[in-house]
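The values are calculated or read from the model by the stated rules, or taken from the named source; none is laboratory data. Predicted model only: the values in this text are computed from it and were never measured. Please note: Cβ atoms are built from the backbone with ideal geometry, for glycine as well, and neighbour counts cover all protein chains shown.
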Amino acid sequence: MRLLLNAAGVKDHQLYVIPKDYKIKTLADAFDWLHNIYLSYEYSRVCLIWESIPPEVWENYKIFEVTDLTEQRLLIIASKELIKLWKNKRPRLFINRQVEICNTCEEKVTFTYKDNYKKCGHCGEINEQNTDS
Ligand SMILES: [Zn+2]
């Protein structure tokens, strides 16, 4: 699901969940929300278009800067619809920015979380992520 949401233009940091203790209700609500997207017409359209072409061909389009093929235009249109859904009532769990004190610049700043690191929004310093949850 992550690959397709990414292909549709959802940013990486929104597809990563900050590891911490969440209330059961928070997790359940987030799961329901995500599941509804998974079952949506918008998501199925993006799937259909994305899967009509092998992933390496999409990759080649990017490498060779091919931008105006029918399947690409269809994907852009379908992605816009999916993104609208993605932006609608997105749980905080999928908004992975957190305000913390940076060890490098010592400012209280917004960090963007990714899979294995977090990045300071002020000095751009990449901090190793604390994985114990
Ligand atoms: Zn910093």
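The single condition among (1) under 19 Å from residue 1 (Cβ atoms); (2) touching a residue at least 12 places away in the same chain (Cβ under 8 Å); (3) among the acidic types (Asp, Glu) that residue 51 does not meet is (2). The set of residues from the stretch 54-71 being hydroxyl-bearing (Ser, Thr, Tyr) and surrounded by 10 or more Cβ atoms within 10 Å (Cβ to Cβ) comprises 61, 67. When you check residue 75 against the structure, is it more than 28 Å from residue 27 (Cα to Cα) and assigned by TED's automatic domain parsing to the domain that holds residue 37, yes or no? So residue 75 passes the test. The set of residues from the stretch 107-122 being exposed (fewer than 14 other Cβ atoms within 10 Å of the Cβ) and within 9 Å of the ligand (Cβ to nearest atom) comprises just one member, 107. Candidates are the residues of the stretch 10-51 that are in a loop (DSSP other than H, G, I, E, B), touching a helix residue (DSSP H, G or I) at 6+ places or on another chain (Cβ under 9 Å) and modelled with pLDDT under 90; the one that is nearest to residue 110 (Cα to Cα) is 18. Here residue 127 meets each of (1) of a type outside the set (A, V, I, L, M, F, W, C); (2) in a helix (DSSP H, G or I); (3) touching a strand residue (DSSP E or B) at 6+ places or on another chain (Cβ under 9 Å) with one exception, condition (2).
Only residues that are within 15 Å of the chain's Cα centre (by Cα), assigned to a loop (DSSP other than H, G, I, E, B) and not charged (D, E, K, R) were counted in the stretch 52-109, giving 4.
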